[in-house]
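**Student:** This structure is in structure tokens; I'll ask about it shortly.
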Amino acid sequence: MNKNRLVVIALALSFSIQCFGQGKSQNTLQFDEAAGSPKAGLSAVAWIAGHWRGEAFGGIAEEVWTPPLGDSMMAAFKVTVDGKVKFYELVTIMEQGDTLILKLKHFSSKLHGWEEKEETVDFKLVKVMEDTVYFDGMTFEKVSDEEMNVYVLTGDEGAEQETKFAYSRVKTPE
């Protein structure tokens, strides 16, 4: 298991007692080096764009995704508990060759990076369907135009479980 994956696991486990939606599930897939990543472009994930909010880790999780521009989409993510930010993430889905890769970096509430300066936590593309995109250990599922689930695989090999983020689209005033 690589160092980046351990950071994600440590983060998730540190909040798991408070987290809803724990338990072994079948909503994530793992990357198979022999199979590689399927061909895909940003149009396959453009539906993720928007402002999303839901309950997680004993508080509120929120992410804001930009529409595709250039060769990527980007998101800002945060978790707040009792009105205080616990951590942030900066996330991208990038075109890499003829496929996609999701990359993220974690930051403390004071914007101190958790990963080394040049490191990211990378999730290779595993499978793309019309309303579901599977990265290695992370799945985006379009429930409707107003709801999205994100599943993240956490835990040690043999004792892995999924954390579910059930998001609703945040309406912005016009």
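**Student:** For residue 170 and residue 35 in the same chain, what is the full-extension length gain: residue separation times 0.36 nm, less their Cα-Cα distance, in nm?
**Tutor:** Value of the extension gain: 44.9 nm.
**Student:** Using the Cβ atoms and a cut-off under 9 Å, what net charge is assigned to the surroundings of residue 61, where Lys and Arg are +1 and Asp and Glu are -1?
**Tutor:** -1
**Student:** Straight-line reach from residue 105: which lysines have Cα under 20 Å away, leaving out those fewer than 8 places along the same chain?
**Tutor:** 3, 78, 84, 86, 117, 124, 164
**Student:** Just need log10 I(q)/I(0) for the range 123-174 at q = 0.18, 0.22 Å⁻¹, Debye formula, equal scatterers on the alpha-carbon atoms, no solvent, rounded to two decimals.
**Tutor:** For the requested q values the scattering log ratios are -0.65, -0.84.
**Student:** Counting C-alpha atoms alone, how compact is the range 35-123: give Rg to one decimal and Dmax as a whole number, in angstrom.
**Tutor:** 14.3, 44
**Student:** How much length is gained on full extension from residue 147 to residue 51, taking 0.36 nm per residue of separation minus their Cα-Cα distance?
**Tutor:** Gain on stretching residue 147 to residue 51: 33.5 nm.
**Student:** Near residue 42, within a Cβ-to-Cβ distance under 11 Å, what is the net charge of the other residues, with Lys and Arg +1 and Asp and Glu -1?
**Tutor:** -2
**Student:** What is the sum of charges, Lys and Arg at +1 and Asp and Glu at -1, for the other residues whose Cβ falls under 15 Å from the Cβ of residue 83?
**Tutor:** Summing Lys and Arg as +1 and Asp and Glu as -1 gives +1.
**Student:** Next up: Determine the principal axes of the Cα atoms in the range 72-127, then give the extent along each, sorted from largest to smallest and rounded to whole angstroms.
**Tutor:** That gives 42, 22, 17 Å along the principal axes, largest extent first.
**Student:** Rounded to whole Å and sorted largest first, list the principal axis extents of the Cα atoms in the range 102-141.
**Tutor:** The principal-axis extents, from largest down, are 37, 19, 12 Å.
**Student:** Please list the non-local residues whose amide H lies under 5 Å from the amide H of residue 56, H modeled 1.01 Å from N, same-chain partners needing a gap of 5 or more.
**Tutor:** Hits under the 5 Å cutoff: 61.
**Student:** I've got another one for you. Write down the radius of gyration of the range 69-174 and its Dmax, each obtained from C-alpha positions, in Å.
**Tutor:** Over the range 69-174's Cα set, Rg and Dmax evaluate to 15.0, 48 Å.
Laboratory data are not the source of any read-out in this text; all were calculated from the coordinates shown. What you see is a predicted model; the values in this text were computed from it and never measured. Backbone-built Cβ (ideal geometry, glycine too); neighbour counts: all protein chains shown.
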